[in-house]
Amino acid sequence: MIAAPRFPSRVSIREVGPRDGLQNEDVILSTAQKVRLIERLADAGLVLIEAGAFVRPASVPQMADAAEVFAALSRRPGVVYSAIVPNVTGAKRAIAARVDAIQVFLSASESHNRSNVNMSIGQSLAQAADIAALSRAAGVQFEAVVSVAFGCPFEGDVPLERVMDLTARLFDLGAQQVTFGDTTGMGHPGLVHDLTQAFYARFPQERLRLHLHSARGAGLANVLMALHLGVDCFDASVGGIGGCPFAPGAPGNICTEDLVHMLHEMGISTGIDLPALLDVARMLEGMLGRTVPGQTIKAGLCKHLPPDGSPRLP
Ligand code: ZN
């Protein structure tokens with residue numbers, strides 16, 4: 001008999017729908033709609049919410065009103081409202097907007113970093129050092145995201161050592177957490193295994209966070225592998241919105257309510273009120289004027305199925 005795997009008893013979920021989700025949607029929500037979305041997510045029990053990005057408005061018009069969103073939010077005590085920034089300019093705007101946490105983002109491949117933030121990785125690291133100092137002075141949490149850690153749409157495979165070396169530099173700068181991003185959904189369970197093992201071998205005291213996309217359907221399989229290895233921090237997007245900028249029509253981030261449903265069924269707690277979260281996903285469908293990619297919103301909760309299993313075609 002195979003021993004039952006020991007999974008973490010509790011998982012930390014960071015909601016990235018208001019940022020990663022909305023920035024890849026064609027429909028641009030109003031500031032008031034974004035504020036409502038974020039507030040309802042906090043009401044549903046999400047305590048880490050990526051509420052915006054301080055990037056060039058010309059490049060990402062969906063995030064142009066990030067400062068207004070932060071100003072209009074009524075903040076729930078205990079909730080960390082964060083933003084991503086690529087450079088010092090963005091960090092200054094984020095601090096002025098009173099974000100609780102800043103995530104600097106840079107890519108594990110030179111070509112993706114150039115195309116995404118128009119800098120070399122070395123230049124991004126220099127910016128990260130200044131952002132770390134600014135954050136410290138402002139009393140804002142400083143964290144980092146390594147994009148395309150699971151593969152680059154331009155360069156293909158990304159060497160593990162490069163991801164780990166970059167991660168080491170970010171921890172040296174004082175990053176409180178480093179997130180590995182599967183930006184274009186190239187990850188699979190084997191790769192999750194290798195990256196996670198390499199991370200814990202090199203940084204045994206640190207707590208890895210994974211930002212997974214499900215462009216090719218492997219999202220929750222990747223989560224399962226990570227759970228098996230002890231990872232207990234994941235990003236997810238309400239409704240699974242977001243898509244992939246390189247693949248129109250492909251699903252985006254792993255879906256928060258699908259992830260929460262799976263975890264709760266496994267006996268893993270999240271602190272999230274799933275029915276309330278499903279209501280938020282339905283509200284988001286109304287705002288976007290389309291159905292969202294999430295599955296639980298369509299299938300309903302397992303627990304709500306009739307006890308006889310209800311008549312179903314195979
Ligand atoms: Zn993403």
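The values are calculated or read from the model by the stated rules, or taken from the named source; none is laboratory data. Nothing here was measured: the structure is a model prediction, and the numbers come from that model. So basically every Cβ, Gly included, is an ideal-geometry build from the backbone, and we count neighbours across all protein chains shown. Ligands, DNA and RNA are stripped out before the accessible areas are found, and what is left, the full protein with its side chains, is counted by its heavy atoms. Shrake-Rupley method; radii C 1.70, N 1.55, O 1.52, S 1.80 Å.
One table, with the values for the structure above:
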| read-out | value |
| --- | --- |
| Sole residue being away from the ligand (no atom under 16 Å from the Cβ) and surrounded by 15 or more Cβ atoms within 10 Å (Cβ to Cβ), chosen from L259, L229, L210 | L229 |
| Any hit, the range 136-150, residues being among the basic types (K, R) and open to solvent by less than 10 Å² (accessible area, probe 1.4 Å) | no |
| Tally, over the range 109-130, of residues that are in contact with a helix residue (DSSP H, G or I) (Cβ under 7 Å, 6 or more places away or on another chain) and under 16 Å from P153 (Cα atoms) | 3 |
| Hits in the range 9-42 (condition: in contact (Cβ under 8 Å) with a residue 40 or more places away in the chain and more than 19 Å from the chain's Cα centre (by Cα)) | S9, V27, L29, T31, A32, Q33, R36 |
| Options L274, L224: the member that is surrounded by fewer than 18 Cβ atoms within 10 Å (Cβ to Cβ) and at pLDDT 95 or above | L224 |
| Scan of the range 8-27 for residues that are touching a Leu at 6+ places or on another chain (Cβ under 8 Å) and either in a helix (DSSP H, G or I) or at pLDDT 95 or above (or both), ordered by number | P8, V11, S12, I13, R14, E15, G17, P18, L22 |
| Any hit, the range 136-143, residues being under 22 Å from the mean Cα position of the chain (by Cα), of a type in the set (K, R) and at pLDDT 95 or above | no |
| Hey, A198 farther than 30 Å from S135 by Cβ and in contact with a Leu (Cβ under 9 Å, 6 or more places away or on another chain) or not | no |
| Some residue of the range 158-165 being closer than 21 Å to D20 by Cβ, basic (K, R) and open to solvent by 20 Å² or more (accessible area, probe 1.4 Å) | no |
| The range 111-123: number of residues that are part of a helix (DSSP H, G or I) and either surrounded by 21 or more Cβ atoms within 10 Å (Cβ to Cβ) or aliphatic (A, V, I, L, M) (or both) | 4 |
| Candidates L106, L48, filtered to the one that is in contact with a helix residue (DSSP H, G or I) (Cβ under 8 Å, 6 or more places away or on another chain) and within 16 Å of the ligand (Cβ to nearest atom) | L106 |
| Hits in the range 161-200 - residues which are within 14 Å of A144 (Cα to Cα), among the small types (G, A, S) and in contact with a helix residue (DSSP H, G or I) (Cβ under 6 Å, 6 or more places away or on another chain) | G174 |
| Scan of the range 171-186 for residues that are without any contact (Cβ under 8 Å) to a residue 60 or more places away in the chain, within 16 Å of the ligand (Cβ to nearest atom) and either open to solvent by less than 10 Å² (accessible area, probe 1.4 Å) or within 11 Å of A128 (Cβ to Cβ) (or both), ordered by number | V178, F180, D182 |
